[in-house]
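The values are calculated or read from the model by the stated rules, or taken from the named source; none is laboratory data. Because the structure is predicted, anything quoted here is derived from the model rather than measured. Ideal geometry is used to build each Cβ from the backbone, glycine not excepted, and the neighbour counts take in all protein chains shown.
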Amino acid sequence: MAIVCLANCRKLNQSIAMTPYLLLGAGFSRNWGGWLASEVFEYLLGRPEVVDNEELRRILWDSQRKGGFEYALEALQARQKTGDHNASACLEALQAAVVRMFNDMNEGFNSIVCSPSAPLSQI
């Protein structure tokens, strides 16, 4: 999954600042250091928001083969709509971890020199 920053920070669910991104796919971004789904999964499992939340870790593991963190987000959003307070806490934690992940990936992309005259080793 490639993440390309499109605009300045905005509010997500009125509590998490997040930069909008264009999701292009790992095949597009891998050459520039973009992460594969397995790397995203490992990153999220290592985030404090996930490490500290046993239910969220279980949900991520259960979602790994069903669609990854996107599936986990969808499942938690559906549970939240039913008034499930545990789901709300897990969703908030997962969203915070995902925002941090996208911001970390974007920082990596921002360090890339992309110009016609840049040596291929820098692209």
Cross-chain or 6+ apart pairs with Cβ under 7 Å, region 35-63 first and free of Cβ contacts under 8 Å to residues at least 24 places away in the same chain, then surrounded by 15 or more Cβ atoms within 10 Å (Cβ to Cβ) and among the basic types (Lys, Arg): 45/57
Need at least 1 residues that are surrounded by 17 or more Cβ atoms within 10 Å (Cβ to Cβ) and modelled with pLDDT under 95 per element, so show me which strands (runs of 3 or more DSSP E) inside region 9-123 make the cut, counting only ones lying wholly within it. 16-18, 21-23
